[in-house]
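J.: If you scroll down you'll find the structure; I have some questions about it.
The values are calculated or read from the model by the stated rules, or taken from the named source; none is laboratory data. These numbers come from a predicted model, not from an experiment. Methodologically, a virtual Cβ is constructed for each residue, glycine included, from the backbone with ideal geometry; neighbour enumeration extends over all protein chains shown.
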Amino acid sequence: MYCGALEQQSRETRFVTGKAADGSLEFRPREDMCSLAEVANHLTQIPKMDYKFFASVIQTFEQGQEMEKSL
């Protein structure tokens with residue numbers, strides 16, 4: 001299940017990055033969506049955050065959100 005989600009995120013990320021005509025990290029597919037820089041930052045945090053969830057370092061969703069903001 002995890003690999004399937006990771007593969008889907010990879011496909012979506014490649015699709016979005018391919019739409020950024022100038023390669024700008026500030027590109028947003030729509031105004032209410034994350035920029036490429038925000039997406040890249042989020043994707044690089046996934047392994048670290050997953051480990052902290054599985055190791056019970058993060059107990060709640062809110063703790064995870066706060067920790068992600070600080071990374």
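J.: Which condition breaks for Leu6 when tested against (1) part of a helix (DSSP H, G or I); (2) modelled with pLDDT of 80 or more; (3) surrounded by 10 or more Cβ atoms within 10 Å (Cβ to Cβ)?
T.: (2)
J.: Consider Leu25 against the criteria (1) assigned to a loop (DSSP other than H, G, I, E, B); (2) among the aliphatic types (A, V, I, L, M); (3) under 21 Å from Gln65 (Cβ atoms): it satisfies all of them except one. Which criterion is unmet?
T.: The number of the failed condition is (3).
J.: Quick one: how many residues across segment 12-29 are exposed (fewer than 11 other Cβ atoms within 10 Å of the Cβ) and at pLDDT below 85?
T.: The number of residues fulfilling the criteria is 7.
J.: Also, quick follow-up: Anything in segment 28-48 that is under 16 Å from Lys69 (Cβ atoms), hydrophobic (A, V, I, L, M, F, W, C) and either in a helix (DSSP H, G or I) or in contact (Cβ under 8 Å) with a residue 60 or more places away in the chain (or both)? List them, or say none.
T.: Ala37, Val39, Ala40, Leu43, Ile46
J.: To continue, here is another question. Name the residue that is nearest to the chain's Cα centre (by Cα), counting only residues in segment 30-60 that are acidic (Asp, Glu) and exposed (fewer than 10 other Cβ atoms within 10 Å of the Cβ).
T.: That would be Asp32.
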